[in-house]
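Report on the following structure.
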């Protein structure tokens, strides 16, 4: 009986290990979402194909979001000419005037959008915690989901790798 349980445990671990390993080499298509920026510009995830995209869910009342935003700006400025796109999605609870004031005060250079009904957050896996950053490759697949402040060294390495790949 012990031998049978041990073999069963090894099989289960092997299957779980393979599933985890396989997950490293699979990706999920990004949802079909259309964002409307504070400037009124509409862009969809389909429009962004051919680019590496960061979708950052954030809020003005989130201390970690506010702390990471200058690094997000630096990262965007560093890679935008190579094809990086960035969409900052303010969470539904964030008052629009706070988002507009923060965006203007900090001269955010990328698209900033509101998500008043929570539709974008829901489409991207029911995002509820901020910050959450989604990395999408040139083919429109989600390749990374980062909860909390990213390790920017690792994030920039991933961006560089994905920018170097063909569309």
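Which one is surrounded by the most Cβ atoms within 10 Å (Cβ to Cβ) among residues in the stretch 92-122 that are in contact (Cβ under 8 Å) with a residue 60 or more places away in the chain and in contact with a helix residue (DSSP H, G or I) (Cβ under 6 Å, 6 or more places away or on another chain)? Quick ask: steps written out before the conclusion?
Going through the stretch 92-122, the residues in contact (Cβ under 8 Å) with a residue 60 or more places away in the chain turn out to be 99-100, 103, 111-114, 119-121.
Restricting the remaining residues to those that are in contact with a helix residue (DSSP H, G or I) (Cβ under 6 Å, 6 or more places away or on another chain) gives 112, 114.
Values: 112: 23, 114: 19.
The residue in question is 112.
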> How many residues, within the stretch 28-46, are closer than 24 Å to residue 100 by Cα and surrounded by 12 or more Cβ atoms within 10 Å (Cβ to Cβ)?
Replying inline: 9
>> Any residue in the stretch 146-167 that is under 17 Å from residue 58 (Cα atoms) sitting within a Cβ distance under 7 Å of a residue that is at pLDDT below 95 and surrounded by 13 or more Cβ atoms within 10 Å (Cβ to Cβ)? List the pairs, counting only those 6 or more apart or interchain.
In response: none
>> Show the residue pairs meeting these rules: Cβ distance below 9 Å; 6+ apart or different chains; first residue within the stretch 28-40 and over 13 Å from residue 55 (Cβ atoms); second residue part of a strand (DSSP E or B) and modelled with pLDDT under 95.
In response: none
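The values are calculated or read from the model by the stated rules, or taken from the named source; none is laboratory data. Every value quoted in this text rests on a predicted model; they were computed, and no experiment measured them. FYI the Cβ positions are ideal-geometry reconstructions off the backbone, even for glycines, and counts take in every protein chain you see.
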